[in-house]
Amino acid sequence: MKKLLLLLVILFVSGSLFSQTATEPAFGDGSLDDPYQIASLNNLVWIASDTNRWDKHYIQTVDIDASGTAAWPGGEGWTPIGYLVGLPSPDNRPFKGSYNGQNYKISGLFMNQPADSSVAFFGMTGGATLANIVLEDVDITGGTAVGALAGWHLTSTVTHCSSSGSVTGQEFTGGLLGLCGFTSTVENSSSSCTVTGENDRTGGLVGMLYTSCVINNSYTDGNVLGAEYSGGLVGFSFESEINYSFNLGAVS
């Protein structure tokens, strides 16, 4: 009987850790004045599972252990919030709302999608505000536009966000953002990820800056291994600015 009870407890705990149950937050209505309060991995799954939730507002209220994503069925791990089909395309589905992590951690996020685009916690943003998000010990592998925080970061802002772990991609690969484009900003943010780009445009913080983007007061201290166009902060910058920022990692 004791062995049976122990087995039931183990199964219950395992199911709690590795489930993909979409659970609506207990508090908030998604408005700017009363954002949804995110308090579990299942709450994050709830956001990701419906595109109609990608223009709402969120705050995180506790540290979240996302390591269970490594054991999700199919082996691909986390499904990004937002995705890009093409530039431009009416089928794109960016995250347009806001997410304030309030400096609580999301740890152990896993993604293994080497043939895909938009591979990051947020696959694509458009007009979004991302603030105070701490992504710790990520393990992310993707194809195009790969980062810890966002893959395609367009017309959006990032402030006081950070990442650690490892990020690997084919092109537009960065420790925080894959591609930062079209008047987007990154401020007071950092990455200590080990970043590997198998083709081109690989950066410790951002793979590529494109058209009137700005990085301010940010830094990296992870190592970068890339092919063509690789850099400690940014792999490739087109008509954009980098101010008061630095890199401490090795670049190969």
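The values are calculated or read from the model by the stated rules, or taken from the named source; none is laboratory data. Because the structure is a prediction, the values reported are computed rather than measured. We place every Cβ from the backbone using ideal geometry, glycine too, and count neighbours over all the protein chains shown. Areas reflect the complete protein model, heavy atoms only, side chains present, ligands, DNA and RNA absent. Shrake-Rupley method; radii C 1.70, N 1.55, O 1.52, S 1.80 Å.
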### Query
Asp55 is checked against (1) charged (D, E, K, R); (2) within 17 Å of the chain's Cα centre (by Cα); (3) more than 17 Å from Ala150 (Cβ to Cβ) and fails just one. What number does that condition carry?
(3)
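Being in a strand (DSSP E or B), in contact with a helix residue (DSSP H, G or I) (Cβ under 8 Å, 6 or more places away or on another chain) and open to solvent by less than 60 Å² (accessible area, probe 1.4 Å) is the filter here, so list the residues in region 59-83 that pass it. Explain how you work it out, then say what you get.
Of the residues in region 59-83, the ones in a strand (DSSP E or B) are 59-60, 64-65, 77, 81, 83.
Applying the additional criterion that residues be in contact with a helix residue (DSSP H, G or I) (Cβ under 8 Å, 6 or more places away or on another chain) yields 64-65, 77, 81.
Those that are in a strand (DSSP E or B), in contact with a helix residue (DSSP H, G or I) (Cβ under 8 Å, 6 or more places away or on another chain) and open to solvent by less than 60 Å² (accessible area, probe 1.4 Å): Ile64, Gly77, Ile81.
Please determine, by comparing only the residues of region 168-205 that are polar (S, T, N, Q) and in a loop (DSSP other than H, G, I, E, B), which one is most open to solvent (accessible area, probe 1.4 Å). Show your work before the answer.
Going residue by residue through region 168-205, those that are polar (S, T, N, Q) are 168, 170, 173, 183-185, 188-192, 194, 196, 199, 202.
Cutting the leftovers down to in a loop (DSSP other than H, G, I, E, B) gives us 183-184, 188-189, 192.
Details: Thr183: 91, Ser184: 1, Asn188: 64, Ser189: 3, Ser192: 50 Å².
That would be Thr183.
Among the residues of region 22-42, are any acidic (Asp, Glu) and in contact (Cβ under 8 Å) with a residue 12 or more places away in the chain?
Going residue by residue through region 22-42, those that are acidic (Asp, Glu) are 24, 29, 33-34.
Subsequent filtering for residues that are in contact (Cβ under 8 Å) with a residue 12 or more places away in the chain retains 24.
Yes.
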### Query
Checking Asn52 against (1) open to solvent by less than 60 Å² (accessible area, probe 1.4 Å); (2) of a type in the set (S, T, N, Q); (3) without any contact (Cβ under 8 Å) to a residue 24 or more places away in the chain, which test does it fail?
(1)
### Residue that is nearest to the chain's Cα centre (by Cα) [pool: residues in region 151-165 that are buried (at least 24 other Cβ atoms within 10 Å of the Cβ) and in a loop (DSSP other than H, G, I, E, B)]
Cys161
### Message
All but one of (1) without any contact (Cβ under 8 Å) to a residue 12 or more places away in the chain; (2) in a strand (DSSP E or B) hold for Pro88; state the number of the condition that does not hold.
### Response
(2)
### Summary
Listed by first then second residue, the pairs whose first member lies in region 98-114 and is over 22 Å from Ala145 (Cα atoms), whose partner is open to solvent by 70 Å² or more (accessible area, probe 1.4 Å) and part of a loop (DSSP other than H, G, I, E, B), with beta carbons under 6 Å and at least 6 positions apart or on separate chains, are Tyr104/Asp63; Lys105/Asp63
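How many residues are over 10 Å from the mean Cα position of the chain (by Cα) and either crowded, with 19+ Cβ neighbours inside 10 Å or in a strand (DSSP E or B) (or both) when one looks only at region 112-129? Write out each step before concluding.
Step one: list which residues in region 112-129 are over 10 Å from the mean Cα position of the chain (by Cα), which gives 112-117, 125-129.
Subset that is either crowded, with 19+ Cβ neighbours inside 10 Å or in a strand (DSSP E or B) (or both): 112-113, 116-117, 125-126, 128-129.
Matching residues across region 112-129 total 8.
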### Summary
Counted residues in region 130-150 being under 21 Å from Ser89 (Cα atoms) and either basic (Lys, Arg) or part of a strand (DSSP E or B) (or both) come to 4
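Report whether or not Gly147 is open to solvent by less than 10 Å² (accessible area, probe 1.4 Å), touching a residue at least 60 places away in the same chain (Cβ under 8 Å) and among the small types (Gly, Ala, Ser).
Judged against the criteria, Gly147 is a match.
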### Query
Under 8 Å by Cβ, and 6 or more places apart or on different chains, what pairs join a residue from region 227-248 that is free of Cβ contacts under 8 Å to residues at least 12 places away in the same chain and assigned to a loop (DSSP other than H, G, I, E, B) with one that is open to solvent by 80 Å² or more (accessible area, probe 1.4 Å) and hydrophobic (A, V, I, L, M, F, W, C)?
none
